[in-house]
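Throughout, read-outs are computed from the coordinates displayed, never taken from laboratory work. No experiment lies behind these values; they were computed from the predicted model shown. Ideal geometry is used to build each Cβ from the backbone, glycine not excepted, and the neighbour counts take in all protein chains shown.
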Amino acid sequence: MSSHIQIEPMKGNLQFGANVTNVDVENLTDADFEALREALFTHQVLVLKQQGHISPKAQYALTQRYDPTATGSYGHGKTLDAKKSILHPDLKTIPHQPQVQVIGNGFVSSYEGLENFTLKHPHHKTFHETVIPEEDDLDFTRFYRWHIDAALYGLAPPVATTLLAVQVPGGRRQTIRYDDGTGDELEVPLGTTAFVNGEAMYDALSEEDKAFARGTKVEYAAHPYIWMSGAKSRPTGLGLISQNKELQPEELPPVDETMIQTLPMCWKNPVTGKLALQIHPSAVRRLHLEDGSVVDDLERVRDIVYRLQRPGIAPQRVYAHDWEAGDLVIFHNRGVLHSVVGAFAEDEVRVFRQCNIAGSQLPVGPEAVGIAA
Ligand SMILES: [Fe+2]
């Protein structure tokens, strides 16, 4: 039986993202899921409206279907438990569905077995080297941290992440300042999640840079979210400033060398075969070049990555989702970068559910599609 799901590419010049209608997430047939699978890998970000009723279990089942042989542990595993991890304060785990996390802002008395808890939307002032002045803070904001949802140590990056908006404070808009000397700004809805397409990021490179990106592998730091906990971000949220503030090896938990990840700089889309420039800019440690040489100097590594990625987050390339309660967004975590955005007041309560699952396999690079360098 064929599927009745409808996929409508988003309008405008972004060239990624699609709206999905006529879908029943709680009762997906194989044909329905096949339509959703192809849609995700084609459009990178899918928006399904009015899904507030779906259970954490159904959210998990949908997410898991994008990587059916994945064993089902949350994409960050238990690494979030480390008190020094920068991810630790941002998530609450649903007790009966531990792959699904509650994120948001403000006090919540009861939700899915969690009682009397306070969520905190991350604010750039806790992570960026420079900040928006206090008097501008309600109107102006930053990209908090561009990233891929991935442990980048041991566990493989999740294929898909699902985000469900349960409760959304309404109304305001803010302007993102890039504050990197370009004058770039972008007006967005309060608390948007910003996405950029890694495939467009790759396509926009010069031929020389494409060849470099295809031939280079990125080594990530061991225990990256603990390692980076003392460091500060660039004002664009696209990677860190090098001030030797990363934790020293003796300050980290013991390192298992076999868990350190060195991944291709470009990841292959399993349906379209397209390449995405897919680098977690904050967690990079070394670059392994095609000629066998290694770029070890951290500042240089970050500068190289920043130069390649920065054009990809230009205002006209960003999809800033305008959240309404009930929105379910599915994104191809191996083909986009995304960032939290915005500053909420304490009484602006927002509740989201996020799910991703550690991948069953590492991402595949360009050599597997036979692209000549
Ligand atoms: Fe994320």
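Fully extended, how many nm does the chain gain between THR262 and GLU250 (0.36 nm per residue separation, minus their Cα-Cα distance)? Present the calculation step by step, with values, prior to reporting the outcome.
Numbers: separation 12, 0.36 × 12 = 4.32 nm, distance 2.17 nm.
Value of the extension gain: 2.1 nm.
Region 38-73 and region 302-364 have their alpha-carbon centroids 15 Å apart. Once you sort the root eigenvalues of the Cα gyration tensor of region 174-255 as a ≥ b ≥ c, which label holds: rounded (a/c under 1.5), prolate (a/b larger than b/c) or oblate (the other case)? Because a/c hits 1.5 or more and a/b fails to exceed b/c, region 174-255 counts as oblate.
Build a GNM of the chain with springs between Cα atoms under 10 Å apart, and of PRO56, PRO122, PRO270 the one that fluctuates most is PRO270.
Any of LYS125/LYS245; LYS92/LYS232; LYS210/LYS245; LYS120/LYS217; LYS125/LYS274; LYS120/LYS268 with alpha carbons more than 28 Å apart? Name them for me. Before the final figure, lay out each step's value.
Details: LYS125/LYS245 17 Å; LYS92/LYS232 24 Å; LYS210/LYS245 31 Å; LYS120/LYS217 35 Å; LYS125/LYS274 36 Å; LYS120/LYS268 35 Å.
Correct reply: LYS210/LYS245; LYS120/LYS217; LYS125/LYS274; LYS120/LYS268.
How would MET10, MET228, MET259 line up from fewest to most surrounding beta-carbon atoms within 10 angstrom? Ordered from fewest to most neighbouring Cβ atoms within 10 Å, MET10, MET228, MET259 come out as MET259, MET10, MET228.
Phi angles across region 45-50 convert, under the Karplus curve 6.51 cos²θ - 1.76 cosθ + 1.60 with θ = phi - 60°, into 3J(HN,Hα) values of 9, 10, 10, 10, 8, 6 Hz, Gly and Pro given as x. Over the chain, with a Gaussian network built from C-alpha contacts below 10 Å, which listed residue (GLY113, GLY72, GLY191) shows the highest mean-square fluctuation? The residue that fluctuates most here is GLY113. For region 106-223, with equal point scatterers placed on the C-alpha atoms only and solvent neglected, what are the log10 I(q)/I(0) values from the Debye formula at q = 0.19, 0.22, 0.23 1/Å, to two decimals? Debye output, listed in q order: -1.36, -1.40, -1.41. Our coupling estimate for region 179-189, obtained by passing each phi through the Karplus curve with A = 6.51, B = -1.76, C = 1.60 and θ = phi - 60°, is 6, 10, x, 8, x, 4, 9, 8, 7, 9, x Hz, Gly and Pro reported as x.
What's the FRET efficiency of GLU135 with GLU207 using the Cβ-Cβ distance as r and R₀ = 51 Å, to the nearest 0.05? Calculated transfer efficiency: 0.65. Of the residues SER233, ALA213, PRO122, the one whose Cα sits farthest toward the positive end of the charge dipole of the chain, with +1 on the Cβ of Lys and Arg and -1 on the Cβ of Asp and Glu, is ALA213. For the listed peptides 149-159, 126-136, 233-243, a ranking on the average number of other beta carbons within 10 Å per residue, highest first, reads 149-159, 233-243, 126-136. Once each part is reduced to its C-alpha centroid, what is the distance from region 160-187 to region 249-275 in angstrom? Cα centroid to Cα centroid, the span is 28 Å.
Residues considered: SER282, SER360, SER293. Largest GNM mean-square fluctuation over the chain, using C-alpha springs under 10 Å, is found at SER293.
Take the Cα of SER293, step 7 Å toward its Cβ, do the same at ARG173, and the gap between the two points is 4.8 nm.
Can you check what the Kirkwood hydrodynamic radius comes to for region 283-333, Cα pairs only, in Å to one decimal? Intermediate values should be presented prior to the final figure.
Numbers: mean 1/r = 0.0707 Å⁻¹.
Result for region 283-333, one decimal place: 14.2 Å.
Each Lys and Arg adds +1 at its Cβ and each Asp and Glu adds -1 at its Cβ; summed about the Cα centre, the chain shows a dipole of about 300 debye. Give the longest segment of the chain that steers clear of trypsin sites (Lys or Arg not before Pro) in DSSP loops with at most 12 neighbouring Cβ atoms within 10 Å, not counting the sites themselves. Value returned for the longest uninterrupted segment is 84-373. Dipole orientation for region 6-369: of the candidates PHE107, HIS43, GLY273, GLY273 has the Cα lying most toward the positive pole (charges on Cβ; Lys, Arg +1; Asp, Glu -1).
Between rounded, prolate and oblate, where does the chain land on the alpha carbon gyration tensor, with a ≥ b ≥ c its root eigenvalues, rounded for a/c under 1.5, else prolate if a/b exceeds b/c? Rounded, since a/c falls under 1.5.
Of HIS321, HIS124, the sequence from fewest to most neighbouring Cβ atoms within 10 angstrom is HIS321, HIS124.
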